[in-house]
Amino acid sequence: MKSNRRNFLRYLGIGTGTLVTASPAIARVTTDEADRLPFEGPEFQAQPFNMCGYAAPKLPTVRIAVIGLGMRGSGAVERLCYIDGVEITVLCDKDPERVAKMQAHLAKVGRPKAAEFSGEEGWKRACEHKEVDLVYTPTPWHLHTPICLHAMNNGKHAATEVPAALTVEDAWKLVETSERTRKHCMMLENCCYDFFELLTLNMVRNGLFGEVVHAEGAYIHDLSKEYLFNKNAYTDMWRLKQNMKHNGNLYPTHGLGPIAQCLNINRGDKMDHMVAMSTNDFSLGIMANELAKTDDFFKPYANKKYRGNMNTTLIRTNLGKSMMVQHDVSTPRPYSRIHLVSGTKAVAQKWPGPERIGFGHSWIKDAELKELYAKHSPEIVKHIGEIAKEVGGHGGMDFIMDWRLIDCLRNGLPLDQNVYDAASWSVVVPLSEQSVNNRSKSIDVPDFTRGAWKKNKPHDITLAGGGNTGVRKIANQ
């Protein structure tokens, strides 16, 4: 009887009667539901270990393998070289010339020579290297999950560029592997560390917004000419190919991450369900066809179907809050991540126009905004913010993110974002596509915490570990 019911529930949503994917790895239940189910089995497990709030053992020196040394990876190596308590022990890229270039940079700034790996599967050997504590992964999207899984399975913490996963199944694999190995899997969502985003988050935590009821984020950035159709931008044109294969919100986390933190997603609330709608494509296909007329290189990209120019995704949380996330990389709109946080007492918005905060029918004056920055910027900004601006990386937010990650690992502290954030923020990619392909049908968002969101506490944005991780002089580089 138990066996029959287990097989039956594998194909049906528990208590819903709705069909779900037959893969056993998708059929998870919350801790509360598991207590009521009269069977056991790996496909129906309660959360075995909660990575939210988990502090791994201290690492006095964080030995890092950087895999992927293109645009994002080369910048990461340069930033990490500024941070004390860091040793870059492995450099890896499919292209050996990129490895050599970064090896030369290490020598230039007085860092020890790193082990080198290249080729199609060099990343596997990099993850297996004994002198590595953290695998840092700025590669094309499709490699993020495989590299993170291989890193954790070989005893390393994993930090990956966004998105962390492209399928629901891969998101679950990241969660289960992090829980089993007790290794961190953090998505490198740098926008969570931008100055205004940190200010609004700290103001939310300090109660100035009252109850946050709605938030908006986006990635609106015209990449078409400079990046998508640039032969020298993305290796093997991988990002353009993603825009050919998938139609949804392909890059949600820059806008979603900061507002999810303001809404305490996975820490008191969670994303419950979502709907998504995309326009048709009115520019990418035309651009590909025009380029193919004069350049044979672009012929494989001509007469193809591309993702819609604008995707709008709406998400409702369990507590009845809402989020809107947009994605458009192919129309000539000014750059925007929107970053709108609306509460019962205040509202903040970053784009379009200047950073603004309002407590009524109008925005406050610039002088008042400066006072809020002085009073409510978290300690990490006060400690490292000016240095971060000098080091650079999207105005300094990249460096704040890197420094914070290293300081937490060195001091044995929980990370600001964990594997549940990586999974739930990234899963908007495949779920938005499912919704778009089904006339904007409502899609349930998996609970990667398996009910632990009810008891997880928001992570405090303060100065990690007393700030004992130093920074090398800027002149050294």
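Scanning the range 89-99 for residues that are touching a residue at least 12 places away in the same chain (Cβ under 8 Å) and either within 11 Å of G70 (Cβ to Cβ) or assigned to a helix (DSSP H, G or I) (or both) yields D93, K94, D95, P96, R98, V99. Within the range 105-129, being assigned to a loop (DSSP other than H, G, I, E, B) and either in contact (Cβ under 8 Å) with a residue 40 or more places away in the chain or touching a Gly at 6+ places or on another chain (Cβ under 9 Å) (or both) holds for V109, G110, H129. Evaluation of H327 against the conditions (1) closer than 30 Å to E290 by Cα; (2) at pLDDT below 95; (3) not charged (D, E, K, R) shows that the sole unmet condition is (2). Taking the range 327-355 as the range and being of a type in the set (V, I, T) and either within 21 Å of S278 (Cβ to Cβ) or open to solvent by 10 Å² or more (accessible area, probe 1.4 Å) (or both) as the test, the residues that pass are V329, T331, I338, T344, V347.
Does M277 qualify as being farther than 25 Å from H142 by Cβ and of a type in the set (A, V, I, L, M, F, W, C)? So M277 passes the test. Annotation: M102 fulfils all but one of (1) in contact with a strand residue (DSSP E or B) (Cβ under 9 Å, 6 or more places away or on another chain); (2) part of a loop (DSSP other than H, G, I, E, B); (3) within 21 Å of R472 (Cα to Cα); the unmet one is (2).
For the condition at pLDDT 95 or above, assigned to a loop (DSSP other than H, G, I, E, B) and under 19 Å from the mean Cα position of the chain (by Cα), what is the one hit in L319, L250, L314, L256? Going through L319, L250, L314, L256 in turn, the sole match is L250.
Looking at the range 328-358, which of its residues are under 24 Å from I400 (Cβ atoms), of a type outside the set (A, V, I, L, M) and part of a strand (DSSP E or B)? Once the filter is applied, which keeps residues that are under 24 Å from I400 (Cβ atoms), of a type outside the set (A, V, I, L, M) and part of a strand (DSSP E or B), the range 328-358 yields S336, Q349, R356. Annotation note: Cβ proximity below 6 Å between a residue of the range 350-369 that is acidic (D, E) and a residue that is outside any strand (DSSP E or B) (sequence gap 6+ or interchain) occurs for E355/F196. Quick one: T469 ticks every box in (1) at pLDDT 95 or above; (2) among the β-branched types (V, I, T); (3) not in a helix (DSSP H, G or I) except a single one, so which number is it? Just one mismatch for T469, condition (1).
Being open to solvent by 40 Å² or more (accessible area, probe 1.4 Å) and β-branched (V, I, T) is a property that I315 lacks. Counting only residues that are more than 21 Å from R180 (Cα to Cα) and part of a loop (DSSP other than H, G, I, E, B), the range 420-438 holds 1 of them. Any idea which residue in the range 359-374 is most open to solvent (accessible area, probe 1.4 Å), counting only those that are under 14 Å from A348 (Cβ atoms) and part of a helix (DSSP H, G or I)? For the range 359-374, the residue satisfying everything is E368.
Only one of these is within 25 Å of the chain's Cα centre (by Cα) and farther than 18 Å from M271 by Cβ: P300, P334. Name it. Talk me through it step by step, then tell me what you get.
Working: P300 fails: within 25 Å of the chain's Cα centre (by Cα).
One residue alone meets the criteria, P334.
Do we have any residue at all in the range 282-302 that's touching a helix residue (DSSP H, G or I) at 6+ places or on another chain (Cβ under 9 Å), assigned to a helix (DSSP H, G or I), closer than 26 Å to L256 by Cβ and open to solvent by less than 30 Å² (accessible area, probe 1.4 Å)? Scanning the range 282-302, I find at least one residue that is touching a helix residue (DSSP H, G or I) at 6+ places or on another chain (Cβ under 9 Å), assigned to a helix (DSSP H, G or I), closer than 26 Å to L256 by Cβ and open to solvent by less than 30 Å² (accessible area, probe 1.4 Å), so the answer is yes. Residue-level check: of (1) open to solvent by 80 Å² or more (accessible area, probe 1.4 Å); (2) out of contact with any Pro (no Cβ under 8 Å at 6 or more places or on another chain), A126 misses just (1).
The C-beta contact set for the range 374-386 (first residue under 14 Å from M397 (Cα atoms), second residue in a helix (DSSP H, G or I) and among the basic types (K, R), distance under 9 angstrom, 6+ apart or interchain) comprises P378/R205; I380/R404; I384/R404. Name the residues in the range 63-86 that are more than 24 Å from G395 (Cα to Cα) and surrounded by fewer than 22 Cβ atoms within 10 Å (Cβ to Cβ), would you? R63 - this is the single residue of the range 63-86 that is more than 24 Å from G395 (Cα to Cα) and surrounded by fewer than 22 Cβ atoms within 10 Å (Cβ to Cβ). Of everything listed in (1) touching a residue at least 24 places away in the same chain (Cβ under 8 Å); (2) within 29 Å of R72 (Cα to Cα); (3) surrounded by fewer than 24 Cβ atoms within 10 Å (Cβ to Cβ), the single unmet condition for K241 is (1). If you go through the range 142-154 and keep only what is open to solvent by 10 Å² or more (accessible area, probe 1.4 Å) and in contact with a Lys or Arg (Cβ under 7 Å, 6 or more places away or on another chain), you end up with L149, H150.
Considering (1) within 16 Å of the chain's Cα centre (by Cα); (2) within 30 Å of D366 (Cα to Cα); (3) part of a loop (DSSP other than H, G, I, E, B), the lone condition that C192 does not fulfil carries the number (3). Of the residues making up the range 219-236, those that are open to solvent by less than 10 Å² (accessible area, probe 1.4 Å) and either out of contact with any Asp or Glu (no Cβ under 8 Å at 6 or more places or on another chain) or without any contact (Cβ under 8 Å) to a residue 60 or more places away in the chain (or both) are L223, S224, L228.
Being surrounded by fewer than 17 Cβ atoms within 10 Å (Cβ to Cβ) and in contact (Cβ under 8 Å) with a residue 60 or more places away in the chain is the requirement here; does K441 meet it? Answer is yes for this residue.
The values are calculated or read from the model by the stated rules, or taken from the named source; none is laboratory data. What you see is a predicted model, and the numbers here were worked out from it, not measured in a lab. With ideal geometry, Cβ positions are generated from the backbone for all residues, glycine too; neighbour counts draw on all protein chains shown. Accessible surface areas use protein heavy atoms only, side chains included; no ligands, DNA or RNA. Shrake-Rupley method; radii C 1.70, N 1.55, O 1.52, S 1.80 Å.
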